[in-house]
Amino acid sequence: MTEDAIAANAQDDSPAAEEFIIAPRIGEMLLADGLITEAELQRALEFQQRLGGRLGAILVRIGSVSEDVLLNTLSKQLELPVMEASRIPIDAMTFVEAIEKTEIERDWWLDQEVLVWEDAEQVVHCLARDPLSDFLHEVFYNTFPEQTVIWYLVRNQDLDRALDALSKAHSADEWQYGDDVSLLRELAEGAPVVEFVNNMLSQAIDQRASDVHIEPEEHTFFVRYRIDGILYEHLNLPRERFNAIASRIKLISGLDIAERRLPQDGRLNVRVSGQELDIRVSCLPGVHGESIVMRLLPKERQASRLDRLGFAPDHLRLFDQWIREPHGIILVTGPTGSGKSTTLYAGLDAVNNRTQKIITVEDPVEYQLKGITQVQVHSDIGYTFASALRSILRQDPDIVMIGEIRDLETAEIAIQASLTGHMVLSTLHTNDAISTFNRLIDMGVEPFLVATSVRAVQAQRLVRRLCTQCARPAQTPPLPAIVAETERAMYEELKHQPARWFEPVGCPACQGSGYQGRIGIYELVYLTPELQAQVLTHTPVAEMRKLSAKQGFRTLRQDGFLKAWQGLTSVEEVLRVTEASMQALE
């Protein structure tokens, strides 16, 4: 909805009277439902007083509420239903047939931004930018005198998509923005594009998305949200609108809108759906245009607690013991998006009792922790992990967290820090815990330094939690042939004990996926004297893994089976997440 869509059915048609009657009511309803704060309402009212416009649209534009939240409130206020995208006709000829019956020129419908179609019972369904317009109601009263007319509230993006379809059916000419940078900049600063990008981000936050993917193809472009690690298609729009939207994102993230041949990375800070976001933007040139990915990092996140990350009791005790040791290196490994930083933040929060100096060096600082000095890396000016670490060690720290060990130089400085009495926490990209030792050696670190400095390694993945509202009890699921014998043996043991196996179903609460939220599965390996001896001799990973199994360390998949047995996730989800990494081990 734009500001025109929140028009009042006031007796006085003047804008001042319209705002006086409706604007406070919308604000009061949103405030009463706890959807905005008093400060946000006052800010919007001040903005409205200076520049005009409708209060609801202003609240959306300044990021206080999402369009979906506003529509739900307007639906209550105006007693109009909200039209879901799935119910809007896909074929533009449905609109054309209804319009041709009215004998009103198709240009008028496009100019007024209103659409109609009839169902089997001859009921007329109407979508409009302003569904309360007296003018439109008078036209429809005269055009459909004997038919039932139903008006709807609708999302801007859904209405735009339907209007685009009608426009294409009306004319073969397509919008061509070309490479005119000044025109792209003008379009990027226009209200429709600004509102589209704000709504896209607001809906991503409302749906708990961690990333937004914008992917152009030859005739269309897609917007997809990554929710709980899985990509879901959100929008499918005409390709002609892509350049303006891409330019808007590049403009606000400090990128060159004229550069489309080289990859670019940028950042921006915005407020959407009442949250402050730090967004990392990546643009990658492709055949049909730039693929844009935005990583959404809420600034105001509550510090995670170790006991809420999904650690089994024995793993929780072990990890808590590790991070309280006086010196050494603790490494957390896994792919991007596996929750490594969250685990380290939770560990730092657990030991942050204000008696130790804790410093982190990160790229970027994902969210801030009280009582801890956090350092942001700036590689473009030469301020790398290695150079930052040298300065950090002169700050007399007790605990140092390194966002990631990326090269030999950083690894060597981290090892020297651990050998001189510092506790060092960091991350590394490996498939499992055991592979970490050989990964460091392959980077160029001497085996004796690895064996003497690294205390323990934790590998982790994130699996989706079963939705508590729709999961149903299940029989013990069979295992595929790819599962290793040691893991199969543990699984067989669990089958003979009282269990709570569940399977996903799908419901509105989980958007039909059967899952809601995520939980960690872990593999913790402590460097025992026997493992140290194998690291010193650069023993093959397979032999080291056999030793760790004899010493009782659980693999990622075994820990996942344990959580499935407890009813927290499903066996299928555990196999999905661990299959690639486990195949590399077997």
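The values are calculated or read from the model by the stated rules, or taken from the named source; none is laboratory data. All figures in this text were calculated on a predicted structure; none of them were measured in a lab. Note: ideal-geometry Cβ built from the backbone for every residue, glycine included; neighbour counts use all protein chains shown. Note: accessible area is taken over every heavy atom of the protein model, side chains too, but ligands, DNA and RNA are not part of it. Shrake-Rupley method; radii C 1.70, N 1.55, O 1.52, S 1.80 Å.
For the chain, what mean projected area does the convex hull of the alpha carbons give, in nm²?
Average of the hull's projected areas for the chain equals 31.8 nm².
Report the antiparallel proportion of the DSSP beta bridges in the chain as a percent, rounded to a multiple of 5.
Percentage antiparallel, nearest 5: 65.
How large is Rg over Rh for region 509-559, taking Rg from the Cα atoms and Rh as the Kirkwood inverse mean of 1/r across Cα pairs? Don't skip to the answer; put the middle values down first.
Details: Rg = 16.8 Å, Rh = 13.3 Å.
Using only Cα positions, Rg/Rh for region 509-559 is 1.27.
Counting Lys and Arg as +1 and Asp and Glu as -1, what is the net charge of the other residues whose Cβ lies under 10 Å from the Cβ of VAL445? Could the numbers behind the result be given before it?
On the way: positive: ARG439; negative: GLU412, ASP442, GLU446.
Net charge around VAL445: -2.
Given R₀ = 45 Å, FRET efficiency for THR476-GLU84 by Cβ-Cβ distance, to 0.05?
0.70
Out of TYR152, TYR515, GLN558, whose Cα points farthest toward the positive end of the dipole of the chain (charges: +1 Lys, Arg; -1 Asp, Glu; placed on Cβ)?
GLN558
How would you rank 112-121, 253-262, 416-425, highest first, on the average number of other Cβ atoms within 10 Å across their residues?
416-425, 112-121, 253-262
Which value, in debye to the nearest 20, gives the size of the charge dipole of the chain about its Cα centre, when Lys and Arg are +1 and Asp and Glu are -1 at the Cβ?
My answer is approximately 3340 debye.
State to the nearest 20 debye the size of the charge dipole of region 111-173 about its Cα centre, where the only charges are +1 on K and R beta carbons and -1 on D and E beta carbons.
On the way: 4 positive and 13 negative charges, 37 e Å.
In debye, rounded to 20, region 111-173 gives about 180.
Excluding ligands and nucleic acids, what accessible area in Å² is computed for HIS288 using a 1.4 Å probe, to the nearest 10?
80
How large is the accessible surface per residue of the chain, computed with a 1.4 Å probe and reported in Å² as a whole number?
Value for the chain: 46 Å² per residue.
Specify which residue in the list LEU201, HIS234, GLY310 is farthest towards the positive end of the charge dipole of the chain, using unit charges on the beta carbon of Lys, Arg (+1) and Asp, Glu (-1), about the Cα centre.
GLY310
Grab the DSSP H runs of the chain that are 4 residues or longer, score each as -39,500 (n - 2.57), total them, divide by all residues and round the 222 nm result to the nearest 500 deg cm²/dmol.
-12500 deg cm²/dmol
Counting Lys and Arg as +1 and Asp and Glu as -1, what is the net charge of the other residues whose Cβ lies under 13 Å from the Cβ of LYS357?
0
Measure off 7 Å from each Cα along the Cα-to-Cβ vector at THR468 and ASP256, then give the distance between these two points in nanometres to one decimal.
It is 5.1 nm.
GluC sites (Glu not before Pro) within region 281-386: which are DSSP loop residues with at most 12 other Cβ atoms inside 10 Å?
GLU300
Taking K and R as +1 and D and E as -1, what net charge do the other residues with C-beta under 14 Å from the C-beta of VAL293 add up to?
On the way: positive: ARG224, ARG226, LYS250, ARG267, ARG280, ARG295; negative: ASP211, GLU215, ASP265, GLU290.
That sum, taken over residues with Cβ under 14 Å, equals +2.
Tell me, what % of the accessible area of the chain is carbon and sulfur with a 1.4 angstrom probe?
Accessible surface attributable to carbon and sulfur in the chain totals 49 percent.
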